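The values are calculated or read from the model by the stated rules, or taken from the named source; none is laboratory data. All values reported here derive from a predicted model rather than from experimental measurement. We place every Cβ from the backbone using ideal geometry, glycine too, and count neighbours over all the protein chains shown.
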Amino acid sequence: MLFKVDIPPNTHFIAFDGIFRSLSEFRERRKEGKGSYAVKTGVDQVLDCYDKSREGKCHASKANSCLNLVNSLTNEKAVKNASMHHNYATKITTLKSGKFGIKAHKEVMYPYGSNYKTEDYNV
């Protein structure tokens, strides 16, 4: 995901759009092939962004993980420039820029979580 403008440091700049589901509900959707584009927001809760992402309405789902990602031209490892935050009071999950912000036309990178590659509910 790229933005045409700089994102200032420590700024919540985009929200995930989806439906909250229990982990068991989400596992059923995974069996139907609808198990991507989701973020875990609690012990047994998932914000399922699959449908909204497929409709082009959940732009936050286009952000990438920096895990094992290397620039093929420079051979430099990708570095996170954002983090995911869930506000339990408002039930809004956002990406927040890091302490240096994000320059225009730079890829948004955030860690998907410790379960990434073992559980697909972490996007």
Only listed residue being of a type in the set (A, V, I, L, M, F, W, C) and in contact with a Pro (Cβ under 9 Å, 6 or more places away or on another chain), chosen from Cys49, Cys58, Cys66: Cys66
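Starting from residues that are in a helix (DSSP H, G or I) and acidic (Asp, Glu), keep the ones in region 1-38 and report whichever is surrounded by the fewest Cβ atoms within 10 Å (Cβ to Cβ).
The first filter runs over region 1-38 and keeps only residues in a helix (DSSP H, G or I), leaving 23-31.
Add one more test, that the residue is acidic (Asp, Glu), and what stays is 25, 28.
Numbers: Glu25: 14, Glu28: 12.
Among those that are in a helix (DSSP H, G or I) and acidic (Asp, Glu), it is Glu28.
Give Thr41, Thr74 a once-over and let me know the one that is of a type in the set (Ser, Thr, Tyr) and either within 12 Å of the chain's Cα centre (by Cα) or in a helix (DSSP H, G or I) (or both). Even if it seems obvious, please write down each step before you answer.
On the way: Thr74 fails: either within 12 Å of the chain's Cα centre (by Cα) or in a helix (DSSP H, G or I) (or both).
Being of a type in the set (Ser, Thr, Tyr) and either within 12 Å of the chain's Cα centre (by Cα) or in a helix (DSSP H, G or I) (or both) holds for just one of Thr41, Thr74, which is Thr41.
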Complete set of residues in region 77-94 that are in a loop (DSSP other than H, G, I, E, B) and at negative phi: Ala78, Val79, Lys80, Asn81, Tyr88, Ala89, Thr90
Qualifying residue in region 69-77 (condition: surrounded by 15 or more Cβ atoms within 10 Å (Cβ to Cβ) and over 16 Å from Tyr112 (Cβ atoms)): no
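Restricting to region 46-71, and then to whatever is assigned to a helix (DSSP H, G or I) and free of Cβ contacts under 8 Å to residues at least 60 places away in the same chain, can you tell me which residue is nearest to the chain's Cα centre (by Cα)? Give the derivation first.
From region 46-71, those assigned to a helix (DSSP H, G or I) are 50-54, 59-62; that's our starting set.
Subset that is free of Cβ contacts under 8 Å to residues at least 60 places away in the same chain: 50-54, 59-60.
Numbers: Tyr50: 12, Asp51: 15, Lys52: 13, Ser53: 11, Arg54: 15, His59: 9, Ala60: 6 Å.
Going through the qualifying residues, I end up with Ala60.
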Pairs where the first residue, in region 4-17, is within 25 Å of Leu47 (Cα to Cα) and the second is exposed (fewer than 14 other Cβ atoms within 10 Å of the Cβ) and of a type in the set (A, V, I, L, M, F, W, C), C-beta under 9 Å, 6+ apart: Ile7/Ala104
Residue check for Thr90: modelled with pLDDT of 90 or more and either surrounded by 12 or more Cβ atoms within 10 Å (Cβ to Cβ) or within 15 Å of the chain's Cα centre (by Cα) (or both): no
Filtered residues of region 1-23 (kept if among the small types (Gly, Ala, Ser) and more than 13 Å from Leu95 (Cβ to Cβ)): Gly18, Ser22
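Output the residues belonging to region 95-123 that are modelled with pLDDT under 80 and in a loop (DSSP other than H, G, I, E, B). Quick ask: steps written out before the conclusion?
Kept after step one, since they are modelled with pLDDT under 80, are these residues of region 95-123: 113-123.
Within region 95-123, Gly113, Ser114, Asn115, Tyr116, Lys117, Thr118, Glu119, Val123 qualify.
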